[in-house]
Amino acid sequence: MNRTFLEQPFTPAQIKQRKGRNGVLDYVEGHSVIQRLNDALEGEWSFEVVHHDGREDEVLVLGRLSAGAVVKMTFGASQVTREKVSGKPLSLGDDLKAAATDALKKCSTFFGVGLHLYAEKPLSGRDGAPHGGPARSAPATPNGPPRPPVVPRPPAVQPPPAVPVNGNGASSHGTRNAATERQLDAIVKIGRAKGLAPTAVESMSLRVFNRKPGALTREEASTLIKELTNLKRSA
């Protein structure tokens, strides 16, 4: 299998264009794909329709392309062509053949055939101009080439203000809402009554509020007192 030849881009003369749902699309005809497979695989390949299905406006086929031990399968589709006056299908056989050709071309992309046509690119002509109009360029600066677009930077996230603490871990401001001396005394006495050492009470405060008792607010100190009161006395 000659992968290099399989993946070789088609010439501009072989590339056709048609209107698609997302604009003008490039494609190659079925005979060009068959010729590429014959040349690259020296005729050692086969294609078969595994399953087909007809719907009101579309026919579908499941195709299988084999080249030695390598097998690729995918679907192909084609619209049902109808008479303009009666609306009856003209030829479901021709529609199925078109769907089979579509499946063959899509299977071939798994071998790299025509894969360059599916690469992401803007909907434009080969000269870089949008279909139906001249090529556009970014506005140029007076003394140089076009400037790249300016991408707005997201606003910086400001960290919360730090709360200064004294050597005992207590807040140095906001004393109006700080735990009272009576609350702090109650925390020590209740902890002692429960058989807890001062360091154990301090650890409990740090675990729950991430602060030592001396840095607690009145509400937090009240909560800690309730937690200590509900504890069973340590043996």
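Structural remarks
Conditions tested, residue by residue: (1) farther than 22 Å from V113 by Cα; (2) surrounded by 11 or more Cβ atoms within 10 Å (Cβ to Cβ); (3) of a type in the set (A, V, I, L, M); (4) in the same structural domain as F111 (by TED's automatic domain parsing).
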position: K16; (1), (2), (3), (4): no, yes, no, yes
position: R21; (1), (2), (3), (4): yes, no, no, yes
position: G63; (1), (2), (3), (4): no, yes, no, yes
position: T81; (1), (2), (3), (4): yes, yes, no, yes
position: D94; (1), (2), (3), (4): yes, yes, no, yes
position: K97; (1), (2), (3), (4): no, yes, no, yes
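This table checks each residue for (1) among the aliphatic types (A, V, I, L, M); (2) part of a helix (DSSP H, G or I).
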site: Q183; (1), (2): no, yes
site: A186; (1), (2): yes, yes
site: I190; (1), (2): yes, yes
site: A200; (1), (2): yes, yes
site: S205; (1), (2): no, yes
site: A221; (1), (2): yes, yes
site: L224; (1), (2): yes, yes
site: E227; (1), (2): no, yes
site: K232; (1), (2): no, no
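- Checking V188, V163 one by one, the residue that is modelled with pLDDT under 85 and hydrophobic (A, V, I, L, M, F, W, C) is V163 and no other.
- Any hit, region 32-51, residues being surrounded by 11 or more Cβ atoms within 10 Å (Cβ to Cβ), at pLDDT below 90 and under 16 Å from T101 (Cα atoms): no
- Only one entry of E7, E42 meets the criterion of being among the charged types (D, E, K, R), closer than 23 Å to Y118 by Cβ and out of contact with any strand residue (DSSP E or B) (no Cβ under 8 Å at 6 or more places or on another chain), and that entry is E7.
- Meeting the requirement of 2 or more residues that are over 12 Å from S108 (Cα atoms) and among the β-branched types (V, I, T), the strands (runs of 3 or more DSSP E) wholly within region 1-92 are 46-54, 58-67.
- The set of residues from region 181-226 being acidic (D, E) and exposed (fewer than 14 other Cβ atoms within 10 Å of the Cβ) comprises E181, D185, E219.
- Applying a threshold of 6 Å to beta carbon distances and a minimum spacing of six or more residues, or different chains, the list of pairs starting in region 99-112 at a residue that is assigned by TED's automatic domain parsing to the domain that holds G68 and ending at one that is polar (S, T, N, Q) reads A99/S78; K106/T74; C107/T74.
- Residue pairs whose Cβ atoms lie under 6 Å apart, sitting 6 or more positions apart in sequence or on different chains, and linking a residue in region 191-219 that is free of Cβ contacts under 8 Å to residues at least 40 places away in the same chain to a partner that is of a type in the set (S, T, Y), are P213/S205.
The values are calculated or read from the model by the stated rules, or taken from the named source; none is laboratory data. Note that the structure is a prediction, hence the values are computed from the model and not measured. Using ideal geometry, Cβ is built from the backbone for each residue, glycine included, and neighbour counts are taken over all protein chains shown.
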